[in-house]
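Structure, as structure tokens:
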Amino acid sequence: MRLDKLLANSGYGSRKDVKKMLKNGAVRVKDRIVKDAKEQVDPNHDEVTVYGEPVHYREFIYLMMNKPQGVVSATEDSREETVIDLLEPEFLHFAPFPVGRLDKDTEGLLLLTNDGGLAHQLLSPKKHVPKTYEVHAEKPVTEACAARLESGVDIGDGYVTKPAKAVILENENGRHKLLLTITEGKFHQVKRMLKAVGNEVTYLKRLKMGDVALDSDLLPGEYRELTESELAALKK
Ligand code: URA
């Protein structure tokens, strides 16, 4: 791979920053000063140093974001702000993409990575990765409704949802909240499930995906890298 890409992906700033470092003679490949950004290096075999410090190359990036409302879960959009627009330049060199989609008006846990293998694993319908949502509903959610959500409802075109878990949190003072855990990812699934039981979602937030929970310190629009244990939990 190109030397400037390796350095940018290893946390040494943008390609422009990296170019400056190269020009200053700060970078050595196999103990030889290299100034050419296009130099080809093998990140697994060639020793690369910056100001004498070895570079620890990493191929993948794993981020958890508290997706805010009003932003689309896409890498590009001609009109709307995307979750990628919220990332600092140092992460863009990895070309991360969102793992699945949350609706524009849905908040909460969104994973971003450039690890296509892991994304595929998490999104594969065969894996049944559970996703937990905090749902605010327009009308009270009765025990009977929760039971129907759990056993499966027809969300249109004859599709009946797989078993889910519904926990009623609140049904008073005009506030109707539940936790809904589903193992599928059909288009607008939670909204369609509530509709199927004669209700409507007024606010939706994803709290958990697999064993990884949204960090409650992250404000909408904030993100951080996954910890090693979170990543291990996702990979298992
Ligand atoms: N279900 C929905 O309806 N919307 C989302 O964003 C996620 C799940």
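The values are calculated or read from the model by the stated rules, or taken from the named source; none is laboratory data. Keep in mind the model is a prediction, meaning the values are calculated, not measured. Cβ placement follows ideal geometry from the backbone for every residue including glycine, while neighbour counts extend to all protein chains displayed. Protein only, heavy atoms only, side chains kept; ligands, DNA and RNA dropped before computing areas. Shrake-Rupley method; radii C 1.70, N 1.55, O 1.52, S 1.80 Å.
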Just give me the residues in region 122-160 being within 26 Å of the chain's Cα centre (by Cα) and open to solvent by 60 Å² or more (accessible area, probe 1.4 Å), in sequence order.
123, 125, 126, 127, 128
Residue 191 vs. criteria surrounded by 13 or more Cβ atoms within 10 Å (Cβ to Cβ) and either farther than 22 Å from residue 104 by Cα or out of contact with any Lys or Arg (no Cβ under 9 Å at 6 or more places or on another chain) (or both):
yes
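Residue by residue, here is whether (1) surrounded by 17 or more Cβ atoms within 10 Å (Cβ to Cβ); (2) small (Gly, Ala, Ser); (3) closer than 27 Å to residue 113 by Cβ; (4) in the same structural domain as residue 118 (by TED's automatic domain parsing) holds:
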| position | (1), (2), (3), (4) |
| --- | --- |
| 14 | no, yes, yes, no |
| 21 | yes, no, yes, no |
| 32 | no, no, no, no |
| 40 | no, no, yes, no |
Inspect region 162-182 for any residue being farther than 21 Å from residue 107 by Cα, away from the ligand (no atom under 16 Å from the Cβ), outside the structural domain of residue 106 (by TED's automatic domain parsing) and touching a Leu at 6+ places or on another chain (Cβ under 9 Å) and give the result as yes or no.
yes
Return the residue satisfying two criteria in turn: it lies in region 187-209 and is part of a loop (DSSP other than H, G, I, E, B) and closer than 21 Å to residue 65 by Cα, and of such residues it is nearest to the ligand (Cβ to nearest atom).
188
Being of a type in the set (Asp, Glu) and touching a helix residue (DSSP H, G or I) at 6+ places or on another chain (Cβ under 8 Å) is the filter here, so list the residues in region 145-184 that pass it.
154
Search region 60-84 for residues that are closer than 12 Å to residue 96 by Cβ and assigned to a loop (DSSP other than H, G, I, E, B) and pair each with any residue that is of a type in the set (Phe, Trp, Tyr) and modelled with pLDDT under 95 when their beta-carbon atoms are under 7 Å apart and the residues are at least 6 apart or on different chains.
61/91; 61/94
